[in-house]
1. Output the strands (runs of 3 or more DSSP E) that fall wholly within the range 56-171 and possess 3 or more residues being not basic (Lys, Arg), or say none.
2. Looking only at the range 286-332, filter to residues that are modelled with pLDDT under 95 and of a type in the set (A, V, I, L, M, F, W, C); which one of those is surrounded by the most Cβ atoms within 10 Å (Cβ to Cβ)?
3. For the range 207-219, does any single residue satisfy the condition of being charged (D, E, K, R), within 30 Å of Met277 (Cα to Cα) and over 18 Å from the mean Cα position of the chain (by Cα)?
4. Which condition breaks for Pro94 when tested against (1) of a type outside the set (Gly, Ala, Ser); (2) in contact with a helix residue (DSSP H, G or I) (Cβ under 7 Å, 6 or more places away or on another chain); (3) at pLDDT below 95?
5. Read through the list (1) in contact with a Lys or Arg (Cβ under 8 Å, 6 or more places away or on another chain); (2) touching a residue at least 40 places away in the same chain (Cβ under 8 Å); (3) under 17 Å from Asn132 (Cα atoms), then give the number of the only condition that Pro73 fails.
6. Can you run down the residue pairs with Cβ atoms below 8 Å, 6 or more apart or on separate chains, where the first is in the range 303-323 and at negative phi and assigned to a loop (DSSP other than H, G, I, E, B) and the partner is crowded, with 16+ Cβ neighbours inside 10 Å and among the acidic types (Asp, Glu)?
7. Within the bounds of the range 58-72, is there any residue that is buried (at least 24 other Cβ atoms within 10 Å of the Cβ), more than 23 Å from Leu195 (Cβ to Cβ), among the aliphatic types (A, V, I, L, M) and modelled with pLDDT of 95 or more?
8. Got at least one residue in the range 161-169 being over 16 Å from the mean Cα position of the chain (by Cα) and of a type outside the set (Asp, Glu)?
Amino acid sequence: MRHHAYRFAAAAVAAVTALALAAPAQAGAVAQPDWMPTLDNDDVVVSVPGTGDAGGADQLGRSRDIGLFGTDPANWPPVRIIDYPAAFGFTIGPVLIPIVGTGTFNGSTDIGSAKAVAAAENHQGNGRVVLNGYSQSAPIAMNAAHLLRLRGTPDEKIMVVVGADSRFPNTGVENVLPSFLPGMLTNGDRDPADLGDAEVYSYCVRGDATCGVGNPLADPLGTLFYLAPGFYLHANMNDDLNDFTEVRRWSSKDGCLANCGNTTYVVYDGGNPWAMMLRDNGVPVPREVDYVISILVPVPEPGVRQKFAGVDVPTPRELQESASKLLGLTVPTSDPDRNAKVRDRLVADATRDDSTPAPPRGQLRTAVTSAANAFSTARRDLKAAVRELAPPKLRDGVAKIQNAVEQRLTDRRQQRAERPRLVERVKATASTQGENNP
């Protein structure tokens with residue numbers, strides 16, 4: 001029975017990974033959310049790509065191109081793209097375990113933070129510098145704002161706009177997972193007061209497995225049940241923000257008397273994550289199904305501490321913090337607001353700005369191409385790590401998953417190549433029918 005469970009889990013991982021990497025990009029509606037302040041040409045956006053997003057095409061697609069910075073391109077602020085590893089990995093002893101790109105998550109975050117600061121200081125003019133990130137780059141944008149303040153930039157000149165922050169209050173993955181993996185340390189909740197009066201806007205979609213993950217100690221079933229579609233939603237539906245419904249908004253100032261910060265949190269709902277994933281891949285799931293699944297297995301609510309019998313249940317990371325204090329130990333951290341050594345090093349960092357201007361809309365690589373490139377790099381690096389560390393059965397299992405994902409990518413590329421010819425045939429058929437039926 002145990003072997004069957006392992007096989008099922010491996011198959012689920014392979015299927016969801018294939019969907020996440022190979023699903024076609026479907027741009028969402030274009031509109032500026034009403035919580036987002038109006039930007040103009042005097043402002044400058046420092047856009048930090050997320051994991052594996054070389055060149056920043058995906059980041060632009062889920063921010064500028066869906067109207068986050070305004071709906072009139074003539075009034076868009078200039079956008080600078082940060083070039084950094086955007087890697088996701090960790091180390092075991094001297095061995096790097098790369099999952100995406102080459103390098104560790106924490107090392108990539110440090111490099112991105114330093115480069116974002118350099119770009120902000122080099123390009124800020126009369127307006128505000130807007131630090132924009134998603135997923136891995138959300139903490140980078142937050143770190144950069146924190147460092148800019150320490151280096152002398154006034155609060156009123158700084159704005160942060162992030163999505164799917166791994167340090168989203170209570171339900172960000174860095175608030176749930178313990179900190180122990182070198183290169184992938186977690187940092188817990190971020191104190192809004194560390195960013196002073198700088199305007200900060202942070203949004204999360206229900207079900208997202210990075211900013212809205214459940215607490216496995218309070219709700220093990222819901223946490224596990226929504227992991228797979230949560231990863232898909234996080235990776236593939238981030239440009240659909242304007243198609244979702246805002247369900248909750250609050251401020252760090254609510255009920256706070258002093259040292260409150262100036263962060264606005266926004267939660268969106270697009271339906272049940274499983275149904276969202278299926279619909280995004282062409283399966284016509286009725287909306288009633290969302291309601292039924294969500295009643296049977298409630299979706300974790302972003303930003304809300306989970307309870308049992310009316311009592312707050314600590315996350316695994318919070319238990320780690322409590323145990324460490326009792327033992328006189330320190331939980332390892334990596335972000336500059338939590339680690340003084342990292343803070344001092346980055347405040348003094350002299351990295352030069354090598355950001356590039358964002359290309360006009362329409363001249364970007366598609367999300368499929370970006371995902372394919374990221375997958376190719378990750379596959380090569382993962383193969384090397386597996387060959388070095390893994391036993392034969394694990395190597396065979398990983399190889400099967402990789403082959404399944406690669407085949408999915410190949411099929412998607414072929415479908416995209418056929419699409420223009422299919423469109424022409426449809427147009428020709430419609431034209432012929434119109435002539436025959438005036």
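The values are calculated or read from the model by the stated rules, or taken from the named source; none is laboratory data. Predicted, not measured: the structure shown is a model, and the values here were computed from it. Don't worry about glycine lacking a Cβ; one is built from the backbone with ideal geometry, like all the others, and counts go over all protein chains shown.
1. The strands (runs of 3 or more DSSP E) meeting that bar are 88-92, 95-100, 129-134, 158-163.
2. Phe308
3. Yes, some residue in the range 207-219 is charged (D, E, K, R), within 30 Å of Met277 (Cα to Cα) and over 18 Å from the mean Cα position of the chain (by Cα).
4. (2)
5. With (1) in contact with a Lys or Arg (Cβ under 8 Å, 6 or more places away or on another chain); (2) touching a residue at least 40 places away in the same chain (Cβ under 8 Å); (3) under 17 Å from Asn132 (Cα atoms) applied to Pro73, the lone miss is (3).
6. Here the result reads Gln306/Asp219, each pair linking the range 303-323 to a residue that is crowded, with 16+ Cβ neighbours inside 10 Å and among the acidic types (Asp, Glu).
7. yes
8. No, that holds for no residue.
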